[in-house]
Each structure stands twice: as C-alpha cells, then as structure tokens.
Amino acid sequence: MSKDLETYAKCLDDAIISFHSLKMERINIFLQEHWSTVYDGNDIEAIRIRSDPVGGSDKRKSYNYSVVMFVDGKELEMRDRCSAGQKVLASILIRIALAEVFATSCPILALDEPTTNLDVDKIDNIGHMLTRLIKTYGDHIQLVVITHDKQLVSLLHLSCRPEYVYGLSKNEYGVSKLKRHTRIGDTQDVN
C-alpha cells in the first residue's frame, strides 16, 4: 500500500507540473499575441512571464515568477527597466491573460484605476483593448472598471454601449451617493 501511495503521489506531482507548464504556455501565448495591440512603442517587442523552478530535493516544485520583456530580441527583466506606464499596461494584460486561462467559468474582470500613470495615447490603447475584449467575449464577460478617468469612461461608454454606468460621489455632508447614468452626464440616484 505504501508503494502504491508513493506511485500515486508521483503521478499527481507530475500531473501538476504538466498542468503548470501548459497553463504558463497558454498565458505567454496570449501575452505574445496581444502585447502589440496594446503597446504602440517600438522598444519592447513582447512580454512574457518567466517561471523558474526553485527548491532543493523536495519532490514538489516551487517557482519564482518574473515578468520579462524582449528588446532587440534579448530577454530582460522588466523590473527597474521600464516606465510606470509600461508596467501598468503589462499588469492589465497579465490580468486579462490570467482571466482568459484560469477563469473561463467565471468571466469577471475587475480593474481598479487601470489608467494610473498612463498618458492620453495609452489610455486610448487600454480603452480600445478593453473594447475588443468585450466584443470578443460578447455577453460572456462582465467588466468592472473603477476609475476617475473620464476619458476612459467616455471611450468605453461610446464603444461598448452599456445599459448603465454607475458613478459614486459625495454630497456636501460627505455622504456617498451612487448615481446611475444611462448617458454620460445624466444621473439617477440608486437606492
């Protein structure tokens, strides 16, 4: 019985390692395919997540993950080598890739202040990327964007035509009010 348990444990470990490799490859394929649609610069050709095995003699593998970029065909770690805007773009694209690969049964993508540190062109790129994502998945995705960026809200509202956009504001007494907009500028209190 002990030998059987060891055999099953090894099979399970092998299956987990194989699953990990498959998922990481799918994530990196998604990143490779979509980076050029989001990033208009010409210095970073692509990004990917590198997973390096760590650990000693333990049967189960552990991994260190890092985001790398390709510049002139060379792989470099993004940390300390790219702008804040490039990091934000990579972060959003990675979240979308993770949702694509792991959350096919729960297609909700929540982005909190996705345009922080981005210039006007990059905000447009993010808006267009999110629009393409919504059109690709149709009714099979729920997008929640928390933002102060009126440019992004307007762009998403015009291109995606949501039934409602919700805004949160405070009145003169500091009490938060949730308002529902059917069109940008029109408001209706939500109870």
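The values are calculated or read from the model by the stated rules, or taken from the named source; none is laboratory data. Small disclaimer: the values here were computed from a predicted structure and weren't measured. Note: ideal-geometry Cβ built from the backbone for every residue, glycine included; neighbour counts use all protein chains shown. Just so you know, the surface numbers come from the protein's heavy atoms only, side chains and all, with ligands and any DNA or RNA stripped out. Shrake-Rupley method; radii C 1.70, N 1.55, O 1.52, S 1.80 Å.
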Can you list the strands (runs of 3 or more DSSP E) lying wholly within the range 134-185 that have 1 or more residues being open to solvent by 90 Å² or more (accessible area, probe 1.4 Å), on the phi < 0 side of the Ramachandran plot and out of contact with any Ser or Thr (no Cβ under 6 Å at 6 or more places or on another chain)?
142-146, 165-170
Apart from one, (1) on the phi > 0 side of the Ramachandran plot; (2) touching a helix residue (DSSP H, G or I) at 6+ places or on another chain (Cβ under 7 Å) all hold for residue 118; the odd one out is (1)
Just to verify a result, which residue in the range 85-104, among those that are open to solvent by 50 Å² or more (accessible area, probe 1.4 Å) and not acidic (Asp, Glu), is nearest to residue 10 (Cα to Cα)?
102
Just the residues that are in a loop (DSSP other than H, G, I, E, B) and not hydroxyl-bearing (Ser, Thr, Tyr), please, taken from the range 105-133.
106, 107, 113, 114, 117, 118, 119
Would you mind stating whether residue 72 is modelled with pLDDT under 90, out of contact with any strand residue (DSSP E or B) (no Cβ under 6 Å at 6 or more places or on another chain) and open to solvent by 60 Å² or more (accessible area, probe 1.4 Å)?
no
Does the range 66-74 contain any residue that is farther than 20 Å from residue 127 by Cα and touching a Ser or Thr at 6+ places or on another chain (Cβ under 9 Å)?
yes
Give me the pairs, please: first residue somewhere in the range 97-108 and over 12 Å from residue 30 (Cβ atoms), second residue anywhere and at pLDDT 80 or above and in a helix (DSSP H, G or I), beta-carbon distance under 8 Å, and either six or more positions apart or on two chains.
107/99; 108/99
Looking at residue 37, is it surrounded by 11 or more Cβ atoms within 10 Å (Cβ to Cβ), in a loop (DSSP other than H, G, I, E, B) and not hydrophobic (A, V, I, L, M, F, W, C)?
no
Of all residues being assigned to a strand (DSSP E or B) and within 24 Å of residue 132 (Cα to Cα) in the range 40-56, which is farthest from the chain's Cα centre (by Cα)? Just the residue, please.
46
